[in-house]
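Here is the structure we will look at, set down as structure tokens.
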Amino acid sequence: MRTAWLRIRAIVLWAVSGIHFAVGCVILLLLKVFVDPRKSDFLQRGFLRNILRLAGVKFEVRRAPGFDPARTSIFVSNHVNIFDPFVVYSAIPQFVRGFELASHFKIPVYGWLMGRFGNIPVPDAPSRAGLELMSARAKAALDSGVSLIAFAEGGRTRDGHVREFKKGIFNLAQKFGAPIVPMSIVGSFEFFRTGDWMLYPGKITVYLHDTIETSGMSRADVDALRRGVQEIVAAPVEELRENRKPQGV
């Protein structure tokens, strides 16, 4: 009986949140034509937050004492499912844009939306020219006061655990001397798993950890930085999974 109810619930939530997404995208694109995105950022945040609400998930943000909300930074997060962009934009209290695979910009409607709003393409097949262009765009964004978000695993988790972080974003942070904010998305795997369609009742908690300075770091420090940020991001994710294990396991 409960399984049937959860399936019916998921179908209804997908329909409601999907309609909201489609209508909201049209409105935001029209706004983009006439209004600077920074001036309409509060509307974008409300729209994205509503997608989570209409998908039936509770949402909470916890900020560490050492997190500086005023600093233009690179936010580094784990990657769980397709709701992650809505989660991070709802949680970060700054004007923020993200890195996105270049192939995603070819997806009808979605790709055009990402391009119009200034997300940065990441080459699917890395080349020197492609990486240099990505680096230049990232530097221009940071210099103009736009924070960036990166999913450092390079793909979505399939088992709920945080996978090994790739070096690329840490090389950029060291190169630019940009501060890094580790960011943990906790509970999202229990809400919706990649490869499934069910939306389960639950709560997503986002942890914005202490800001980490990279100014003065050398290239030799990058790998230690990568490992340290990965450990910070993974800690609350693994804690939740451990607490949910049946006793005796």
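Worth a mention:
- Contact order relative to length of the chain, as percent, for alpha carbon pairs under 8 angstrom and 6 or more apart: 26 percent
- The convex hull built on the alpha-carbon positions of the chain has an orientation-averaged projected area of 14.8 nm².
- Rg to Rh quotient for segment 108-177, alpha carbon positions, Kirkwood Rh: 0.98
- Value at 222 nm in deg cm²/dmol, rounded to 500, when DSSP H runs of n ≥ 4 in the chain each add -39,500 (n - 2.57): -14500 deg cm²/dmol
- Within-14-Å neighbourhood charge of E132 [Cβ basis; K, R +1; D, E -1]: +4
- For the pair segment 211-242 and segment 141-196, the centres of their Cα atoms are 11 angstrom apart.
- Set of lysines near K203 by C-alpha distance (under 23 Å), chain-local residues within fewer than 8 positions excluded: K58, K245
- Net dipole in debye of the chain [+1 Lys, Arg Cβ; -1 Asp, Glu Cβ; about Cα centre; nearest 20]: 600 debye
- Inter-probe distance in nm under a simple model that places probes 7 Å from Cα toward Cβ, at H161 and W5: 3.4 nm
- Sequence-distant contacts, meaning Cα pairs under 8 Å at least 6 residues apart, place the relative contact order of segment 28-160 at 32 percent.
- For segment 61-176, the number of Lys pairs with C-alpha atoms closer than 23 Å, counting only pairs eight or more positions apart or on separate chains, is 5.
- Near the amide H of I204, within less than 5 Å, lie the amide hydrogens of K58, F59, E60, all on another chain or at least 5 residues away, with H placed in the peptide plane.
- Relative contact order for segment 120-249: 24 percent, from Cα pairs under 8 Å spaced at least 6 residues apart, divided by residue count.
- Around the amide H of L199, modelled in the peptide plane, lie the amide H atoms of A10, all under 5 Å away and 5 or more residues distant in sequence or on another chain.
- Computed from the alpha carbon positions, the gyration tensor of segment 155-205 leads to an equivalent ellipsoid with semi-axes of 29, 13, 7 Å, biggest first.
- Each residue of segment 104-249 gets 153 Å³ once the volume of the Cα convex hull is shared out per residue.
- Between K203 and R49, the contour length at 0.36 nm per residue exceeds the Cα-Cα span by 54.1 nm.
- Rg and Dmax of segment 32-170, based on Cα coordinates, read 15.2, 43 Å.
- Solvent-free Debye scattering, log10 I(q)/I(0), computed from the Cα coordinates of segment 15-55 at q = 0.22, 0.30, 0.35 Å⁻¹: -0.66, -1.00, -1.16
- Extension reserve of the F34-A70 stretch, reckoned as 0.36 nm per residue once the Cα distance is removed: 10.2 nm
- Taking 0.36 nm per residue of sequence separation and removing the Cα-Cα distance, the A22/A125 pair yields an extension gain of 34.0 nm.
- Loop sites by DSSP among the GluC sites (Glu not before Pro) of the chain, restricted to those with at most 16 other Cβ atoms within 10 angstrom, leave 1-163 as the longest stretch without any of them.
Every number here is computed from the coordinates shown, using simple stated rules; none is lab data. This structure is a prediction, so every number in the text was calculated from the model and none was measured. Please note: Cβ atoms are built from the backbone with ideal geometry, for glycine as well, and neighbour counts cover all protein chains shown.
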